[in-house]
Amino acid sequence: MRIVDIIIKKRDKQELSSEEINFFIDEFAKGNVPDYQASAWAMAVLLNGMTPRETTTLTMAMVNSGEIIDLSDAVEIAVDKHSTGGVGDKTTLVVEPVVAACGLPVGKMSGRGLGFSGGTLDKMESVPGFRTDLDTEEFLKQLNEIGLVLTGQTGDLAPADGKLYALRDVTGTVPSLPLIASSIMSKKIAAGAHRIVLDVKLGLGAFMETEEEARVLAEIMVKIGDLAGRKTVALLSDMNQPLGVAVGNSLEVIEAIDTLKGKGPEDFYLHCLEVAAHMLHLGGKADSPKSAEKMVAQAIQDGSGLEMFRKLVIAQEGDVSYIDNPEKFLKANFIEEVLAPEEGYIKEINARKVGELSVELGAGRTKKTDPVDHAVGLMIHRNVGDYVKKGDLLATIHANQEEMVKYSREILLDTHKFSDAEVEPIPLFYGVID
Ligand code: URA
């Protein structure tokens, strides 16, 4: 079997056999497939798709490319959540500590920024010293001791996904249903979660723009989870406009801390409430997601969620004084406001353009080896449906290069669209698939 023939077959829109998929992933994980061939194959998959059988085989091939953790020795039931990727999506930083504070252990392997969407690891690395490279032994020990882990994909777990993920980020091969489904589910299955809540984003700032595409993605991931014996639920959530206010690494960590203190933006808080409630319900801590919402609200009100976040940072060697005094986070050199040029109702804030701009500011990567600037980003203060007067604050730019300020202002003004007529707010969720 030759790698080039497998690329050609997918390029020519043919279905790959399980042997071909297993061979490709096995060789790729071993380092025998150069990046150019893996990228060409990923592009062929993006353009021509995969059948559900190919997608399931690809997922299991990626799972089997490395170690598979059994969490049963560390905890009775571990839940995990994973988002398909969004702009301003710092949900993990709030829901994981809150769920852990409610007594349900959470062990999560997160990713870095992908395309225009941010990554939890990049965000958490804004906290000086915070380690995202725990090995399996450390992962299990911490899960058992404090009931919460938030680390990167160790080289041992789904290594084929780890390598492909980094390539997809910089080769325009992110928004592919089979590649997203296999990437997420291989990590979740390999990391051993017994129950999984998926946050499937849809809209302008999501990899799946339409509800229909997002539903198909959600359904295949739920099916793969069930086939692997992991009870899985998917929420379809909005990503037309940025989630919350902050977009950018340390800005998002600060917003997560505020939310854990009960002072976060309302849309973001409500989003976290729903995701955390589904995790608690799936993990058997509540009879229904509705009743779990009370537990989540309580964990925020009494500070136990924030305390759990502190414990996480301390356990992973981060400087907890940044959590206690968020003003310590490094600030960008230029912090400039963008004001409304006219009055009216906001009818669109294109999340994708906001995400792309934050990458251009340095919050994400355009090449695999790019460093990430933790201080830069954007604050998007309004939501679709809000009424603003001329001169009201729309956004704040946090840039480290002066020339990016004018450029960002132009993009942000173009990104906010206005209407004279009243505009309905956008819903946070579109449904649940289980
Ligand atoms: N998150 C992942 O882990 N992988 C994807 O492909 C998209 C989002």
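Values in this text are rule-based calculations from the coordinates and carry no lab data. All figures in this text were calculated on a predicted structure; none of them were measured in a lab. Counting neighbours? That spans all protein chains shown, and the Cβs are built from the backbone with ideal geometry, glycine included.
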Report Rg (one decimal) and Dmax (nearest whole number) for the chain, counting Cα atoms only, units Å. 20.9, 65
How much length is gained on full extension from E15 to D319, taking 0.36 nm per residue of separation minus their Cα-Cα distance? 104.4 nm
Once the dipole of the chain is set up from charges on Cβ (+1 Lys and Arg, -1 Asp and Glu), the residue from the list I184, G362, I349 lying farthest towards its positive end is I184
Take R53 and D386, extend 7 Å from each Cα along the Cα→Cβ direction, and tell me the distance between the two endpoints in nm. 5.1
Most exposed first, judged by fewest Cβ atoms within 10 angstrom, V170, V354, V313 run V170, V313, V354
Which of L204, V372, I433 sits closest to the plus end of the dipole of the chain, meaning its Cα is farthest towards the positive end, when Lys and Arg get +1 and Asp and Glu get -1 on the C-beta? I433
Straight-line reach check, K390, cutoff 26 Å on alpha carbons, 8 or more apart in-chain or any other chain, hits among lysines -> K347, K353, K406, K417
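Counting Lys and Arg as +1 and Asp and Glu as -1, what is the net charge of the other residues whose Cβ lies under 14 Å from the Cβ of K389?
Values: positive: R382, K390; negative: E342, E343, D386, D392, D420.
Here the charged neighbours net out to -3.
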Using only the Cα atoms of region 1-73, each taken as one equal point scatterer with no solvent, compute I(q) by the Debye sum, divide by I(0), and report log10 of the ratio at q = 0.17, 0.21, 0.23 Å⁻¹. -0.60, -0.88, -1.04
Can you pull out the trypsin sites (Lys or Arg not before Pro) in region 376-434 whose DSSP state is coil and whose Cβ has at most 15 other Cβ atoms within 10 Å? K389, K390
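If N is the number of residues in region 287-329, what value comes out of its Cα radius of gyration divided by 2.2 N^0.38 Å?
On the way: Rg = 13.5 Å, N = 43, 2.2 N^0.38 = 9.2 Å.
It is 1.47.
Could you list, in their original order, any pairs among K263/K290; K188/K311; K30/K123; K81/K188; K141/K311; K90/K389 whose Cα atoms are separated by more than 19 Å? Provide the component values of the computation, followed by the final result.
On the way: K263/K290 22 Å; K188/K311 23 Å; K30/K123 30 Å; K81/K188 8 Å; K141/K311 14 Å; K90/K389 29 Å.
As for pairs spanning more than 19 Å Cα to Cα, those are K263/K290; K188/K311; K30/K123; K90/K389.
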For A421, project a label point 7 Å along Cα to C-beta. Then give me every residue of region 314-349 with its amide nitrogen under 17 Å of that point. 344-348
Label-point separation, L428 to L270 (7 Å along Cα→Cβ), nm: 0.6
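Once you have the Cα-Cα distance between I77 and K328, take 0.36 nm times their residue separation minus that, and quote the gain in nm to one decimal.
86.7 nm
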How large is the dipole of the chain about the Cα centre if only Lys and Arg carry +1 and Asp and Glu carry -1, each at its Cβ, rounded to the nearest 20 debye? 440
Most packed first (mean Cβ within 10 Å per residue), the peptides 49-56, 191-198, 87-94 order as 87-94, 191-198, 49-56
May I ask you to order 327-338, 267-278, 142-153 by the average number of other C-beta atoms within 10 Å around their residues, highest value first? 267-278, 142-153, 327-338
Hey, if you put +1 on the Cβ of every Lys and Arg and -1 on every Asp and Glu Cβ in region 1-91, which of I7, T84, T59 ends up farthest toward the positive end of that dipole? I7
State whether region 351-434 is rounded, prolate or oblate according to the following rule on the C-alpha gyration tensor (a ≥ b ≥ c being the square roots of its eigenvalues): a/c under 1.5 gives rounded; otherwise a/b larger than b/c gives prolate, and the remaining case gives oblate. oblate
Going 7 Å from the Cα of E342 in the Cα-to-Cβ direction, what parts of region 365-404 have a backbone nitrogen less than 12 Å from that spot? 390
How far is it, in nm, from the label point at L393 to the one at K141 when both lie 7 Å from their Cα along the line to the Cβ? 4.5
